[in-house]
Amino acid sequence: MHDRLERSVRPAALILGTTSILLGVLVGLVLLRAPAAPEPRLVAGLVIASALAAAAALALFLHDDARLRRAIARRDDRIEALADREWELIDAETRARRALAVVRQEAEAAGRAKNRFLATVSHEIRTPLNGILGMSELLRDTPLTPAQATYVDAVRTSGRALMVLIEDILDFAKIESGRITVTARPFGLVALVESVVELVAPRAHDKGVEIAAFVDPAVPAVVVGDDARLRQVLLNLVGNAVKFTPAGSVTVTAAPGAAPGTVTVSVQDTGIGIASDAQERIFGEFEQADDGADRRFGGTGLGLAITRRLVARLDGTVTVDSAPGAGATFRVTLPLPAAGGAAPTTRSPDLSGRGVLVVTADPRAVAALVRQLDAWGARTALAAPAEAAVALAREGCDAVLVDRGIGTAAAAALVPELRAASRRLVMLRPTERGELPGFEAAGFTDYLIKPVRAASLAVRLGAAAAAADAADAAPDATPASAPAPTPDAPRADAVARGSSRTVLVAEDNPINALLVRALLERLGHRVTVAGDGLAAVAAWREAAHGGRAFDVILMDLHMPGVDGLAATRQIRAHEAEQGRSPALIAALTADASPADPATYEAAGLDAVLVKPLERDRLEALLAAGPKGAVRAA
């Protein structure tokens, strides 16, 4: 519009100005030639002056017009330059977006490739390692010379160290690649804490270190959180505690946190301790408290770095309190609110008025047990072996728990002095089960396997643990009169009790299949092996049609042709079609971090066993039976 006005006003101004000048000059000349009179001459002068003024105005206008034209030209140049720049920026932005999309696609592809690599490495390394550790366990149970036993123990120790190293590196790589996801779901904290302690217990017992757990009844029975990540955190912390504790004990406790809806889990040990200047540094990558060339403990230094990152992903905190030579206490506080509809606290057996005497040479080793008894209302007393009889008479206890750690002979020798108690229990490690007949003959009425489960303790003391079912006590429920298993022989007690099961093992790796078969047969179960998923489905159908349906199916997930998940779905479909009771199906996997539990549950799996397979976990799984939700065994 400005340009149109400029184009119309300028010619009009030029015409008007030029006409004014010409008319002024002509009129002035005419008046000057008129008869000499003063008025016409005066008027002529004014007209000529006006014409000169018009001429000056026209000249000024023409000058301003030229300047305006130059300004407009400069403006147009700037606008054109800005337009060109704008197009350049748009083009650059378009190219940048395309380049970013390409980079993102490449990064996502690299991430997927890295994930596949991690899964493959985990599976391919853990599978043969499962054979090494499992076979060494089987060999350890055969008659060996002292030198051979030493060599086997060295193989086991080296294999376990390699497993820890592999898991640390793979976990760290997964965190770095962003593979760690958080999935909140309801779970029982007591079962999780006790399962972690039981999993690490063999390592602790091999070192002569006692390990125990206590969950405050004030903690909700069922909480909401990521149980898989919490399990990983606790395995790191408890494994570290055992590693850095040459002698003494490790205790895991869980109690309500300071803030509502939070829980604090503490891992306390009597180990070497940590200097104050190293307590922050140890949470860094590849860091250890003793990082010199003369350090006594190996490892990658990644465990605590992984722990801190996992805890941060769970919106929690992890702290440490320690001093050199005084042990260490790691505390993890996490938001774990009670599940909807769950009781705000864990229901506990009532031991009010009951007296329980605990006989031990190391009070710290039974601290968790004493806290458990106190929480249930019992009158608990501690006594050294030499003071047991006096303490029993003084306290008037009706139950005595004797720690086998005082020595087999010493424990058996105490029984005559403890007959005033109606319940006399010996507490021993799983590897000490062979001593049960001797303890029964000495006069003990029952026993407990360490680490002691809360449910088992309640059952042995004659109180029903409201929050636990009978399966919780099953792994150590063998009668005291059962004979000890002989090396390389099946467990006759399982058959005698009628608890022997028919088990289908679907495993394509012949070494792992041999290992699982041997473990199951030693536990007294009847085993059929299938080499892949298709063969497993065929074996199940044949057994079902013959009226010999399998009680338990152990299903390897990675098999050629039909994998474990697909085979499980087919078996579950056949069970539904035929109206059969579902078998217990547990996954066998070498993946360091198995898939989300919902994936397994949707396929019909009841539990997950992560390789390397350990006999205690396998035995506990078979004793517990289906729970209705996928769980790590």
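What the table below lists for this structure:
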quantity	calculated
Qualifying trypsin sites (Lys or Arg not before Pro) for the stretch 161-242 [loop in DSSP, other Cβ within 10 Å: at most 16]	Arg179, Lys207
Two-site label geometry, Arg347 and Ser422: point separation in nm, points 7 Å out along Cα→Cβ	2.4
Projected label distance in nm at Ala275 and Lys207, using a 7 Å step from Cα toward the beta-carbon	2.1
Solvent-accessible area per residue, Å², over the stretch 73-155 with all protein chains present [probe radius 1.4 Å]	72
Backbone N under 18 Å from the Ala184 label point (7 Å along Cα→Cβ), restricted to the stretch 194-234	220-231
Environment charge at Val505 (Cβ cut-off 9 Å; Lys +1, Arg +1, Asp -1, Glu -1)	-1
Potential lengthening between Arg394 and Thr408 on full extension [0.36 nm per residue; Cα-Cα distance subtracted]	2.5 nm
Förster-model FRET efficiency, 22 Å R0, Asp616 and Glu521, C-beta, rounded to 0.05	0.85
Efficiency of FRET from Cβ geometry, Ile511 and Arg98, R₀ 45 Å, rounded to 0.05	0.30
Spin-label model distance (nm) - Thr120 vs Gln105, 7 Å beyond Cα toward Cβ	2.3
Thr380 accessible area, assembled protein chains, probe 1.4 Å, Å²	40
Accessible-area order (highest first, 1.4 angstrom probe) of the listed residues His545, His525	His545, His525
Extended-chain gain in nm, criterion 0.36 nm per residue less alpha-carbon gap, Ala147 and Arg569	147.1 nm
Accessible-area value, Asp362, 1.4 Å probe, nucleic acids and ligands omitted, Å²	40
Efficiency of FRET from Cβ geometry, Arg541 and Arg112, R₀ 51 Å, rounded to 0.05	0.90
Within the stretch 364-425, trypsin sites (Lys or Arg not before Pro) in DSSP loop having at most 14 other beta-carbon neighbours inside 10 Å	Arg419
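The values are calculated or read from the model by the stated rules, or taken from the named source; none is laboratory data. Only a predicted model underlies this, so the values are computations on that prediction, with no experimental measurement involved. We place every Cβ from the backbone using ideal geometry, glycine too, and count neighbours over all the protein chains shown. The accessibility values were calculated without ligands, DNA or RNA, using every heavy atom of the protein model including side chains. Shrake-Rupley method; radii C 1.70, N 1.55, O 1.52, S 1.80 Å.
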